[in-house]
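> The structure under discussion is supplied below as structure tokens; questions concerning it will follow.
No lab work stands behind these numbers, since they all come straight from the coordinates. Predicted, not measured: the structure shown is a model, and the values here were computed from it. Here the Cβ positions follow ideal geometry from the backbone for every residue, glycine too, while neighbour counts run over all protein chains shown.
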Amino acid sequence: MHEIPLITTIALALSAALLFGLVAKRLGLSPIVGYLVAGVVIGPYTPGVVGDAKIASQLAELGVILLMFGVGLHFSLKDLLAVRSIAVPGALGQSTAATIACTGLAVALGWSWQTGLILGIAVSVASTVVLLRALVDHRSVDTPEGHAAVGWLIVEDIITVLVLVLLPPLAATGGNGTSLWQTVGIAVLKLAVLTAIVMLAGARFVPWLLLRVARLRSRELFTLSVLVMAICVATVSYVAFGASLALGAFFGGMVVGQSKVSDQAAADVLPMRNAFAVLFFVAVGMLFDYRAILESPGLVVGVLAIILIIKPLAALGIVIIGGHSLKTALTVAGGLAQIGEFSFILGETAQSLGLIPGSGNSVLVAAAVVSISLNPLIFRRMLALEPLLARRPLLAKWLAGRREKLGARANEIAAERMQDPGAIVVGYGPVGQTVTRLLAEFEINPIIVETNVEVVVELQQRGKQALFGDASRPDILHAARLDAAAYLIVTVPRADISLRIIQSAREVAPLVRIIARAEYINQSDTFLQAGASIIRYDEAESAAALAEALLQDIDVPVDRIDALVSAIRNELAPARKGLTIES
């Protein structure tokens with residue numbers, strides 16, 4: 001009989017991951033906890049069936065490549081710039097606090113400061129998967145606080161990528177003397193050359209190649225092309241430039257992300273990435289040695305304290321001091337009270353280079369299992385603190401004062417730069433952003449009125465006309481020069497807020513055309529009486545969009561689809577009381 005250690009290891013790892021992943025999900029935990037526990041169970045340090053750790057480690061490398069390729073594929077500099085005022089100083093400050101605390105803890109327990117430094121950086125990075133799950137569960141993904149938390153995590157990821165660059169030269173010199181700086185200098189030079197090659201040559205060749213393959217209309221060849229890009233760029237980066245596989249894969253993802261077929265590439269890579277990511281977490285769990293925990297219980301407790309207490313407190317303080325909202329501070333603090341995939345990638349790379357002992361990785365695994373398990377509870381508890389903290393007179397007064405100062409300064413800048421608008425857009429959520437982008441295509445630069453001062457500041461930094469304030473207040477509408485505008489577009493989803501804005505706008509500018517967004521069709525009369533000229537209903541648009549998707553899927557001709565969808569809109573939003581209502 002042939003020996004099949006590779007197949008056996010994959011079957012064992014995936015089966016254990018499925019079993020413990022299901023158990024974790026049933027317990028309301030992240031499946032990542034189940035995957036890590038599966039690795040511990042089939043690992044060499046626990047009794048029973050044992051998987052091949054060497055083969056699992058190699059499969060984990062492929063998982064790292066696909067994970068980092070996915071990160072690069074979805075990396076958005078635009079998204080980061082939109083929240084840079086909170087994400088950049090926040091992530092740097094919180095990472096510094098966690099790293100210093102962990103370094104001090106390691107030195108106090110007899111470890112070297114270099115080991116403590118690497119462990120601290122690993123501990124400072126939160127899991128994207130866990131954070132996004134928490135935001136989705138609380139419907140906070142497309143909110144200012146959700147954007148801030150994700151931007152914060154992007155900066156942490158960038159910090160980790162930079163650290164991955166420095167690990168090989170640090171290992172080559174032992175962390176001492178002039179040779180370290182020389183080696184780091186050479187490494188940075190190699191990185192610059194690699195970046196230039198990837199971004200210049202790769203940015204031209206890779207999108208061109210993928211577009212040609214896509215035109216062949218072969219799903220298999222396209223998927224294979226994307227996979228080859230991920231693995232080859234990572235391998236060439238490692239062999240020719242001495243960069244880590246993770247960094248090379250990140251660059252490969254960024255290059256593919258610039259192509260016109262990046263969405264299809266992401267869709268094709270996702271199933272493979274998810275499967276190998278499971279193997280990655282299982283392989284990390286297999287490296288867990290419970291004896292290291294028994295030998296250094298103080299280190300485990302200390303690292304958990306840093307993750308669950310120091311990191312959230314540092315984030316909370318930084319966000320509040322920056323004058324941002326209490327909800328943003330609590331969302332960021334709660335979402336980052338855990339560690340995940342980047343921590344393991346950093347720990348694995350450092351261990352393979354001999355920079356941290358195996359017990360360091362075991363500490364990371366133990367800390368991850370506990371922190372990820374507790375994160376849903378911590379996240380809920382943090383958000384529940386908002387009304388309690390808001391009732392603290394001194395804190396509430398300070399936050400309000402800080403926001404008002406930032407808003408007043410932003411409005412001073414707006415007044416200096418403001419031109420008479422063709423349109424005013426109230427609210428800069430997803431709908432407001434879409435409307436603004438469409439207006440820009442027709443060379444109309446609207447004034448955006450937004451209650452989130454952070455958003456206003458960012459818009460002004462990007463050259464947009466933006467005003468801080470409540471659009472239901474006449475003084476804000478006067479400041480936005482509503483009387484000179486042809487249109488007022490209200491994108492706020494809540495009916496009570498929209499109605500107050502419409503009523504105030506009618507008093508300030510009786511002739512302005514008001515386009516309003518309403519959730520439900522039965523709100524029609526109320527919006528018309530308030531003074532809306534044109535109403536769009538979320539309910540009607542959802543029905544029309546679903547119908548359109550269905551008709552496209554069953555290959556109905558385009559002109560027939562347009563006619564049917566238009567009929568659906570007219571049916572769901574008829575004219576009433578002699579006034580035309582468009583939907």
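> Count of lysine pairs in the chain with Cα atoms under 27 Å apart, counting only pairs 8 or more residues apart in sequence or on different chains?
Value for the chain: 14.
> Please state the charge dipole magnitude for the chain, taken about the Cα centre, from unit charges on C-beta atoms (+1 on K and R, -1 on D and E), reported in debye and rounded to the nearest 20.
So the dipole magnitude of the chain works out to roughly 760 debye.
> Among GLY407, PRO387, SER371, whose Cα sits farthest toward the positive end of the charge dipole of segment 325-423 (+1 at Cβ of Lys/Arg, -1 at Cβ of Asp/Glu, about the Cα centre)?
PRO387
> Work out, step by step, the length gained on full extension between ARG462 and TRP208: first 0.36 nm times the residue separation, then minus their alpha carbon distance; give nm to one decimal.
88.4 nm
> Mind putting together the pair-distance distribution for the chain? All Cα pairs, 10 Å bins, whole percent per bin, short to long.
It works out to 3, 14, 22, 24, 19, 12, 5, 1, 0, in whole percents.
> Then there's this: With everything on Cα atoms, drop me the angle between helix 203-215 and the longest principal axis of the chain, reported from 0 to 90° to the nearest 10.
Helix 203-215 and the main axis of the chain meet at about 80 degrees.
> Given a Förster distance of 25 Å, report the FRET efficiency between ILE309 and SER112 from their Cβ-Cβ distance, rounded to the nearest 0.05.
It comes out at approximately 0.55.
> Continuing with this model, one more query. Which of the peptides 390-396, 66-72, 255-261 is most tightly packed, and how do the rest follow, going by the mean number of other Cβ atoms within 10 Å of each residue?
Per-residue mean Cβ counts within 10 Å order the peptides as 66-72, 255-261, 390-396.
> Defining a contact as two alpha carbons under 8 Å apart and six or more residues distant in sequence, what relative contact order in percent does the chain show?
Contact order relative to length: 15 percent.
> Let me ask something else about it. Hey, if you put +1 on the Cβ of every Lys and Arg and -1 on every Asp and Glu Cβ in segment 263-329, which of MET286, ILE321, VAL303 ends up farthest toward the positive end of that dipole?
Sorting the options by dipole projection puts first ILE321.
> Put one equal scatterer on each alpha carbon of segment 410-532, apply the Debye formula with no solvent term, and list log10 I(q)/I(0) at q = 0.17, 0.20, 0.21, 0.23 1/Å to two decimals.
-0.78, -1.09, -1.20, -1.43
> Considering the dipole of the chain built from charges on the beta carbon (Lys and Arg +1, Asp and Glu -1) around the Cα centre, which of CYS102, TYR238, VAL565 is farthest to its positive end?
CYS102
> About its Cα centre, what dipole magnitude does segment 410-532 give when the only charges are +1 on Lys and Arg Cβ and -1 on Asp and Glu Cβ, stated in debye to the nearest 20?
With only Lys, Arg, Asp and Glu charged at Cβ, the dipole is about 180 debye.
> With N residues in segment 248-401, what two-decimal value do you get for its Cα radius of gyration over 2.2 N^0.38 Å?
Values: Rg = 19.6 Å, N = 154, 2.2 N^0.38 = 14.9 Å.
In units of the globular-protein estimate, segment 248-401 measures up at 1.32.
> Right, here's the next one. Given H placed on each backbone N at 1.01 Å, which residues far from LEU467 in sequence or on other chains put an amide H within less than 5 Å of it?
For LEU467, the qualifying residues are ILE448, VAL449, GLU450.
> At 0.36 nm per residue, and after removing the present C-alpha to C-alpha distance, how many nm does the segment from ALA549 to ARG473 gain when stretched out fully? Present the calculation step by step, with values, prior to reporting the outcome.
Working: separation 76, 0.36 × 76 = 27.36 nm, distance 4.04 nm.
So the chain would gain 23.3 nm between ALA549 and ARG473.
> Oh, and also: Taking θ as phi - 60°, what are the ³J(HN,Hα) couplings along segment 521-537 by the Karplus curve (6.51, -1.76, 1.60), each to the nearest whole Hz, with x for Gly and Pro?
Rounded to whole hertz, the list is 5, 6, 8, 4, 4, 4, 5, 5, 5, 6, x, 5, 8, 10, 10, 10, 9.
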